[in-house]
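Chemist: Take this structure, written in structure tokens, and hold onto it; I'll ask about it next.
Since every read-out is calculated from the coordinates, none of them should be taken as a lab result. Because the structure is predicted, anything quoted here is derived from the model rather than measured. Don't worry about glycine lacking a Cβ; one is built from the backbone with ideal geometry, like all the others, and counts go over all protein chains shown.
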Amino acid sequence: MKASYNWLKEFVDFSEPPKELAHVLTMAGFEVEAIEQINDDTIFDIGITPNRPDCLSIRGIARELSAILEIPFNALHPEITDSKGTGPTVDISNSDLCSRYSSRLVTGVRPGPSPQWLSKRLESHGIRSTSNIVDITNYVLLEFGQPLHAFDFDKLAGKKIVVKKAGSKKKFSTLDDVERPLHKDMLLIWDAEKPVAIAGVMGGKNTEVSGSTTNILLESAFFKPASIRRTSKALNLSTESSYRFERGVDFNGVTMALDRAAHLIADIAGGTVSGMTDNCPEPFRPQKISLTFKKIQSYIGADIGEAFVINTLINLGFKTDKAGEGITVTPPSFRNDVSGDVDIIEEIARIYGYDNIPSTLPIMQMSAAPVHRSRSLIQTVRKSFTGSGFTEVINYSFMNTESLDILQLPKDDMRRKVIYVRNPLRKEEEAMRTTLVPALLNNISLNLNRGERSMRFFEVSKVFLPSEEKLPHEVVQVAAVYHKDMDSSIWQYSHDGFYDMKGILENLLQELKIKDYRFDHENYALEPYLHPGKACSIIVSGERIGSLGTIHPGVADMLGIKGNLNVLEVFDLDRLIGAMQMKTVFAPLPRYPYAERDVAVVVGDDVMVSSVRNEMLSVHSDIIESINLFDVYKGKPIPKDKKSLAFSIRFRSAERTLTDTEVDELHALIITRLKENLNAELRS
């Protein structure tokens with residue numbers, strides 16, 4: 001909003017220089033973003049927040065200065081005293097969209113150039129001068145913040161105005177000579193036969209004021225902000241009028257602005273002004289807000305006198321009624337942002353000056369915040385992955401549904417039931433994502449194309465799954481991808497990255513104090529985007545909570561990804577909470593030494609390591625402390641359809657030192673079990 005120093009001075013007789021005035025406005029919540037010197041005037045460029053449409057005018061800014069500087073405000077109430085006759089009738093068919101429509105007919109006008117003072121003032125505010133009639137409507141727009149429109153009255157069929165929706169009308173040519181498509185719910189201004197303006201946005205070419213115009217009809221109205229906003233967005237057409245109507249104009253200022261414009265036209269362009277036609281199906285009903293002076297002082301934290309409160313509100317245009325220890329306030333029609341007592345308190349604090357409020361420490365009882373299990377879980381997950389060398393990424397919550405085809409998800413997969421965005425910025429963001437995997441795969445692809453070879457990424461974020469409720473089910477997931485550079489790995493670390501990812505997950509589960517977990521390759525359907533021979537389901541407390549595996553070669557080819565890439569996905573982090581051991585139990589250091597035995601067995605290639613380990617644990621001995629796999633071998637002299645697994649078994653008793661005899665007996669029993677139940681052979 002641009003505001004002239006000299007123009008403001010016509011409303012408030014201040015003495016402050018421009019820079020000091022700019023500081024005063026900024027400290028009151030109207031940031032002066034720039035100051036420009038134009039001829040003998042200074043122009044302020046003021047940032048107006050969306051909730052203060054009353055200050056999108058010279059009059060509104062001046063009213064604020066009057067209250068801040070405590071200087072009388074020259075309201076300039078124009079009156080038409082010598083009107084003759086009446087204008088056309090006005091019918092409002094949609095009073096829910098237009099609650100007031102006022103007009104005046106001015107006959108015998110002489111269109112032509114504007115006087116120099118008017119054209120200079122408009123140009124200093126960024127508006128090009130065109131003709132005296134149009135310039136006056138723009139002048140009043142800047143002065144009052146009320147958009148006006150002038151019709152060539154002789155071009156109106158039936159000498160009648162009707163405010164109604166577009167209905168079956170499909171197209172309309174506006175003043176900029178553009179034919180615009182219409183929606184049936186857009187509000188238009190009609191004469192007896194045709195539309196003549198898009199309400200609150202722009203007038204029509206068919207009733208444009210020209211040099212031959214002699215009679216004009218001035219329009220001033222109050223349109224519902226939501227209606228104008230929808231129309232403006234649908235037409236992709238934003239004007240000075242729509243900008244103000246979208247935020248809300250002064251209901252009671254409709255007729256004042258109309259009179260001001262009619263008075264200026266009569267003075268500058270000549271003509272006779274008719275009586276006013278004012279159709280107001282929904283009058284403005286002011287609300288009353290009650291509050292106490294004690295509450296005002298308590299909220300602001302300063303000892304503000306009653307007289308200052310009352311004078312400030314009156315200067316801002318509020319009506320006040322003091323009653324005992326409190327006050328009843330009636331906001332004016334131009335302050336549609338004030339609806340409660342806290343809004344009144346904010347106004348008082350703003351004018352009092354935030355820098356005048358003393359800084360004091362709040363008095364409160366401090367207590368420890370309760371432990372939020374979900375938040376604590378997410379923090380542990382983040383720390384665990386970053387500790388394992390992963391980088392956290394944050395991707396958009398949108399996805400391209402074609403990425404689900406790349407993942408080869410079946411048609412009935414729940415993740416295909418996406419929620420589409422009504423107005424996506426681009427195709428890649430057309431729907432809310434149901435899985436984190438596609439975005440992470442894109443992160444890998446992007447970095448591979450830029451020369452990176454070894455990457456570890458993870459993301460903790462929400463996905464949006466279908467629900468029987470109105471809104472989707474928001475689930476917090478974690479997913480990770482690991483692209484291992486096999487070419488640069490030294491021989492000790494040249495194993496498949498799948499085992500690295502599995503170890504990273506096991507480390508996370510241990511940090512979460514989850515003991516009841518396993519990896520299953522047989523009993524659950526695997527993810528279609530994972531390699532069938534290098535993938536498994538993650539089972540916690542008997543429930544499948546995620547998947548882990550190497551990316552399917554077909555998926556990798558479609559994404560242009562080469563190399564060893566592994567993916568981890570946990571479907572719902574909250575499902576881990578029940579399996580977490582929340583209490584930490586102290587265990588003393590062992591008093592007695594351990595005994596260790598190694599065993600290498602040859603089993604079928606289809607036998608999983610977990611099956612061998614579980615078979616060992618099925619002996620149910622309290623002296624087996626741990627079983628760890630330390631070697632997997634395939635090759636000569638092992639048969640092609642078999643593999644060698646080597647385990648280290650640690651035995652320890654909490655009560656005594658174990659003898660070699662009892663350790664050897666238990667070790668032999670373990671080997672017997674493996675031979676009988678898994679057809680294992682002891683490798684020599």
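Chemist: Can you pull out the GluC sites (Glu not before Pro) in segment 481-590 that DSSP calls coil and that have at most 13 other Cβ atoms within 10 Å?
Modeler: Passing sites in segment 481-590 are E522.
Chemist: I would also like to ask the following. Two-decimal Rg/Rh of segment 233-344 from alpha-carbon positions, Kirkwood Rh?
Modeler: 1.12
Chemist: Same structure again: Given a Förster radius of 22 Å and the C-beta distance between Q581 and D520 as r, what FRET efficiency does 1/(1 + (r/R0)^6) yield to the nearest 0.05?
Modeler: 0.50
Chemist: Next question. State, to one decimal in nm, how far the label point of M27 lies from the label point of S611, with both points 7 Å from Cα in the Cβ direction.
Modeler: A separation of 8.1 nm, rounded to one decimal place.
Chemist: With r as the distance between the Cβ atoms of E282 and T89 and R0 = 22 Å, compute the FRET efficiency 1/(1 + (r/R0)^6) and round to 0.05.
Modeler: Here the calculated transfer efficiency is 0.75.
Chemist: Ratio of Rg to Rh for segment 365-491, alpha carbon only, Kirkwood?
Modeler: 1.05
Chemist: Tell me, I627, I61 in order of fewest to most beta-carbon neighbours within 10 Å?
Modeler: I627, I61
Chemist: Give me W7, W117 sorted ascending by neighbouring Cβ count inside 10 Å, so fewest comes first.
Modeler: So the ranking, lowest neighbour count to highest, is W117, W7.
Chemist: Let me ask you something else. So for segment 121-176, considering every pair of alpha-carbon atoms, how many percent are separated by more than 13 Å?
Modeler: The share of Cα pairs beyond 13 Å in segment 121-176 comes to 73 percent.
Chemist: Can you check what the Kirkwood hydrodynamic radius comes to for segment 202-257, Cα pairs only, in Å to one decimal?
Modeler: Averaging 1/r across every pair of different Cα atoms and inverting gives 12.9 Å.
Chemist: Near the amide H of M186, under 5 Å away, which other amide H atoms are found, from residues 5 or more places off or on another chain, if H is placed in the peptide plane?
Modeler: A166, G167
Chemist: How about K322: which lysines have a C-alpha closer than 25 Å to its C-alpha, ignoring those fewer than 8 places off in the same chain?
Modeler: Within the straight-line limit of under 25 Å, K322 reaches these lysines: K288, K294, K295.
Chemist: Once Rh for segment 2-69 is found with the Kirkwood sum over Cα pairs, what is the Stokes-Einstein diffusion coefficient at 37 °C and 0.692 mPa s, in µm²/s?
Modeler: Approximately 278 µm²/s, per Stokes-Einstein.
Chemist: Okay, moving on. Assuming 0.36 nm per residue, please report the length gained on full extension of the stretch E402 to D177 beyond their Cα-Cα distance.
Modeler: Difference between extended and current length: 76.8 nm.
Chemist: Now, a different point. How far apart, in nm, are the 7 Å Cα→Cβ label points at D622 and S210?
Modeler: 10.7 nm
Chemist: Please work out, to two decimal places, the log10 of the ratio I(q)/I(0) at q = 0.08, 0.12 Å⁻¹ from a Debye calculation in which every Cα of the chain carries one identical scatterer.
Modeler: Those come out to -0.84, -1.23, one per q.
Chemist: Next question. On average, how much area does the Cα convex hull of segment 289-356 cover when viewed from any direction, in nm²?
Modeler: Answer in nm², one decimal: 4.1.
Chemist: How far apart, in nm, are the 7 Å Cα→Cβ label points at D664 and K411?
Modeler: My value for the distance between the label points is 6.7 nm.
Chemist: Shifting gears a bit: Work out the count of Lys pairs in segment 89-279 where the Cα-Cα distance is under 14 Å, with the pair 8 or more places apart or on different chains.
Modeler: Final tally of qualifying lysine pairs is 18.
Chemist: Counting other C-beta atoms within 10 Å, and keeping those with at most 12, which DSSP coil GluC sites (Glu not before Pro) do you find in segment 55-106?
Modeler: Sites meeting the loop and neighbour criteria: E70, E79.
Chemist: Considering Cα pairs under 8 angstrom that are at least six residues apart, work out the relative contact order of segment 2-69 and quote it in whole percent.
Modeler: 42 percent
Chemist: Over segment 62-124, what lengths in whole Å, largest first, do the semi-axes of the equivalent ellipsoid take, defined as the square roots of 5 times the eigenvalues of the alpha-carbon gyration tensor?
Modeler: 30, 24, 15
Chemist: Over segment 373-579, what relative contact order in percent results from Cα pairs under 8 Å that are six or more residues apart?
Modeler: Once normalised by length, the contact order is 22 percent.
Chemist: If you don't mind, there's one more thing I want to ask. Rank the residues K427, K411 as a footprinting-exposure proxy: fewest other Cβ atoms within 10 Å of their Cβ go first.
Modeler: Exposure proxy ranking, most exposed first: K411, K427.
Chemist: For segment 95-154, what is the largest minus smallest coordinate of the Cα atoms on each principal axis, given in angstrom and ordered from greatest to least?
Modeler: The Cα atoms of segment 95-154 stretch 40, 27, 13 Å along their principal axes.
Chemist: What's the extension gain from Y420 to K169 if we count 0.36 nm per residue and subtract their Cα-Cα distance?
Modeler: Here the segment from Y420 to K169 would lengthen by 87.3 nm.
Chemist: Over 23 Å between Cα atoms: which of K640/K675; K484/K534; K383/K427 fall into that group?
Modeler: K383/K427
Chemist: Another question, if that's okay. Seen from all sides and averaged, what is the projected area of the convex hull of the Cα atoms in segment 595-682, in nm²?
Modeler: Mean orientational projected area (segment 595-682, Cα hull): 5.5 nm².
Chemist: Considering only DSSP states other than H, G, I, E and B, which trypsin sites (Lys or Arg not before Pro) in segment 120-189 qualify as loop sites with at most 13 other Cβ atoms within 10 Å?
Modeler: R128, K170, K184
Chemist: Follow-up. Could you calculate the FRET efficiency of T81 with E123 from 1/(1 + (r/R0)^6), where r is the beta carbon distance between them and R0 is 45 Å, rounded to 0.05?
Modeler: E between T81 and E123, to the nearest 0.05, is 0.90.
Chemist: Based on Cα positions only, what radius of gyration and what Dmax would you give for segment 89-279, in angstroms?
Modeler: When restricted to the Cα atoms of segment 89-279, Rg and Dmax are 15.3, 45 Å.
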